[in-house]
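Participant: The structure that follows is given in the form of C-alpha cells.
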Amino acid sequence: MKFGVITFPGSNCDQDMIYVLETIMGQEVVKLWHKDTDLQGVDFVAVPGGFSYGDYLRSGAIARFSPIMNEVIEFAKKGGYVFGVCNGFQILCESGLLPGTLQHNVNQQFICKNIFLRTETTNALVTRTMTKGEVVKIPIAHGEGNFYAPDDLLKQMEDNDQVLFRYCDENGAVNAESNPNGAKNNIAGICNETRNVFGMMPHPERAADSFLGNEDGRKLFESILAEVLV
C-alpha cells in the first residue's frame, strides 16, 4: 500500500508517522510537501500532528489553504482514505472533511500525557480489527483538543456511528474525570459519514514501537492494513 505523509511548516510528527508506516509496518511512503499539487498516486493520505504555520489564527486554519489540501479534499471526495492526527485532525475539520471543530482545552493549558481511549465502533477502517469497548493507552499532546459540535450535529454523528474513540479511564468508564480537555461526549476521534476520512487527537504513531514501551497505537495501523491488503 502506498501512503502519503504531508509536511507543513511547523509539522513535528511527520517523521514519526513516516517511521511507523515505513519501518514498523513495512509500507511504501511518499513524502508530500505542503506546496505540492500532486498526491503521486498514493492510496492513503496521512495528515500528521504538529503546529502547522505556528497555529496562527486557529489550529489548522491556515494549513487548510495549502495547495496540497486542495488535492486532499478532491481525493477524499472520490473516496480516498485520509487520516488526520492531532493537528491533522484540526486541519481536516477546518477543511470541512470532518464535522465539528477543536477548541482550546478547558483548562487553557497544553496537555502532554498518556490517556486511555475506549473503542466505540469497529465500523471504520482504522478500528475494524479491534473490539468494540476495547481500551487502549495512547499519548496526547495538544492545547486545542476540545472537540465541539452543536447538539443536533452531535446527535447525528452518534446516530451514524461516527465516533471512533472516547476518552475513558483504564477500566473503560467514560466520565468527566477521564476527559482531559472538555471534549463533548468525551469524543477523541471521529470519521465522516462516508467513512473514508478519520481524525483523532491522540497520537497512535507515538505508541507503535516496542522501544517506547507501548504498542497500543499499532492496532490502528494493523487494522488499516488488514482491511486494505486482503
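Participant: Stretch Thr101-Thr23 to full length: gain in nm at 0.36 nm per residue minus the Cα-Cα span?
Facilitator: Values: separation 78, 0.36 × 78 = 28.08 nm, distance 3.25 nm.
Here the answer is 24.8 nm.
Participant: Order of 157-163, 120-126, 185-191, 134-140 by packing, highest average Cβ count within 10 Å first?
Facilitator: Averaged packing, sorted descending, gives the order 185-191, 120-126, 134-140, 157-163.
Participant: Here's a follow-up. Please give me the summed charge of the neighbours of Asp161: other residues whose Cβ is under 11 Å from its Cβ, Lys and Arg +1, Asp and Glu -1.
Facilitator: -2
Participant: Continuing with the same structure: Roughly how many Å is it from the Cα centre of the stretch 125-152 to that of the stretch 69-110, as a whole number?
Facilitator: 13 Å
Participant: What is the local net charge at Tyr53, summed over the other residues whose Cβ is closer than 12 Å to its Cβ (Lys, Arg +1; Asp, Glu -1)?
Facilitator: 0
Participant: Further question: To make sure I understand the rule: partners must be lysines, Cα under 18 Å from the Cα of Lys184, and not fewer than 8 residues away in the same chain. Which ones qualify?
Facilitator: Lys155
Participant: Let me have the relative contact order for the stretch 76-230, percent, based on Cα pairs under 8 Å that are six or more residues apart.
Facilitator: For the stretch 76-230, the relative contact order is 30 percent.
Participant: If you don't mind, another one. Quick one: length gained pulling Phe65 to Ala226 fully straight, 0.36 nm per residue minus the C-alpha distance? Show your work: numbers first, answer last.
Facilitator: Numbers: separation 161, 0.36 × 161 = 57.96 nm, distance 3.29 nm.
Contour length minus the Cα-Cα distance gives 54.7 nm.
Participant: For the stretch 1-144, what does the relative contact order come out to in percent, with C-alpha contacts under 8 Å and a separation of six or more?
Facilitator: So the answer I get is 19 percent.
Participant: What's the ranking of 62-68, 2-8 by average number of surrounding C-beta atoms within 10 Å, highest first?
Facilitator: In decreasing order of mean packing, 62-68, 2-8 become 2-8, 62-68.
Participant: Let me ask another. Going by how many other beta carbons lie within 10 Å of each one, how would you line up Ile115, Ile24, fewest first?
Facilitator: Ile24, Ile115
Participant: Run lengths n ≥ 4 of DSSP H only: what is the helix-derived mean residue ellipticity at 222 nm for the chain, with -39500 (n - 2.57) per run over all residues, to the nearest 500?
Facilitator: -5500 deg cm²/dmol
Participant: Is the stretch 113-230 best put as rounded, prolate or oblate by its Cα gyration tensor, with a ≥ b ≥ c the root eigenvalues, rounded for a/c under 1.5, and otherwise prolate when a/b is larger than b/c, oblate when not?
Facilitator: It comes out oblate by the Cα gyration axes.
Participant: Return the inverse of the average 1/r over all pairs of distinct C-alpha atoms in the stretch 70-171, which is the Kirkwood hydrodynamic radius, in Å to one decimal.
Facilitator: In the stretch 70-171 this quantity evaluates to 14.9 Å.
Participant: By its C-alpha gyration tensor, with a ≥ b ≥ c as the square roots of the eigenvalues, how is the stretch 1-86 shaped: rounded for a/c under 1.5, else prolate for a/b larger than b/c, else oblate?
Facilitator: It is oblate, given that a/c is not under 1.5 and a/b is not larger than b/c.
Every read-out reported here was derived from the displayed coordinates using simple, explicitly stated rules and does not represent laboratory data. Keep in mind that what you see is a predicted model, and the values were worked out from it rather than measured. Counting neighbours? That spans all protein chains shown, and the Cβs are built from the backbone with ideal geometry, glycine included.
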